[in-house]
Amino acid sequence: MESALSPTPHEASQQMLHVSGHRDGAGNGPVTPINGDVPGGLDDLLPGGFMEAFDAAMSSMEIAEGLIEELSREHPESADLIWHSFSLLRPTQSLMHKTAMIYRSHCREILQRVIDGADTRPGTAAECCIVCCETSQIAPLTVAGVGTYMRMWQAAGLPDTGAGVSAEHHEAIRGPAIDEHERMMRRKLAQPWRTLPSVIEHSPHCPATLAS
């Protein structure tokens, strides 16, 4: 097995993805979940972790809806398609519920595919990053594995880890293998359900329609 020529970005990724102190995609500091306060005593009646899961789901919905509105206004010609893409943004990894920047990157890539008329099923860069992160905790990544992790990190638009030179180095010596790793991951992470309806009806609630 190959050994990495330079340190894996695992440490940097863990810092970025750490649930208790993650930052939003704009670097605006820790993302605070929606207030989960409930009437006194109600917590005792709910299953363990219910409110935490509920808050995480609501936060994810806010991110998805915000991006849909933003991109609908930026691309009015695709507004109806974007407006019908909410179901495509279902989180596929638990980390997406916990780390806003990862989920935001995932949603943005899916919506950009909708705008471009591309296949929305293959895995996103954010999904690939999560797999690379989890794999690196099990065993050291190979040179190509580290290079793939770095490529996906950059493709996802995640914060710069200062590994740019190292990423170029890995691309130079293992580019074809990294290409194959990326193709394989995106294929294996594909979600068959992640497609638009066969018929798209004009939505009167679409931001582009409301603005006209």
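Rule-based calculations on the coordinates, nothing more; no lab input. It should be emphasised that the depicted structure is a prediction, and the values quoted were computed from it without experimental measurement. Cβ atoms come from the backbone with ideal geometry, glycine included; neighbour counts cover every protein chain shown.
Among 185-195, 103-113, how do they line up by average Cβ neighbours within 10 Å per residue, starting with the highest? Display every interim value, and only then the final one.
Numbers: 185-195: 14.1, 103-113: 22.5.
Ranked by mean Cβ neighbours within 10 Å, highest first: 103-113, 185-195.
Would you please state the base-10 log of I(q)/I(0) at q = 0.20 1/Å for segment 79-125, with intensities from the Debye formula using one equal scatterer on every alpha carbon?
-0.62
Give, in nm to one decimal, the length gained when the segment between Gln191 and Glu70 is fully stretched (0.36 nm per residue of separation minus the Cα-Cα distance).
Details: separation 121, 0.36 × 121 = 43.56 nm, distance 2.46 nm.
Extra length available between Gln191 and Glu70 comes to 41.1 nm.
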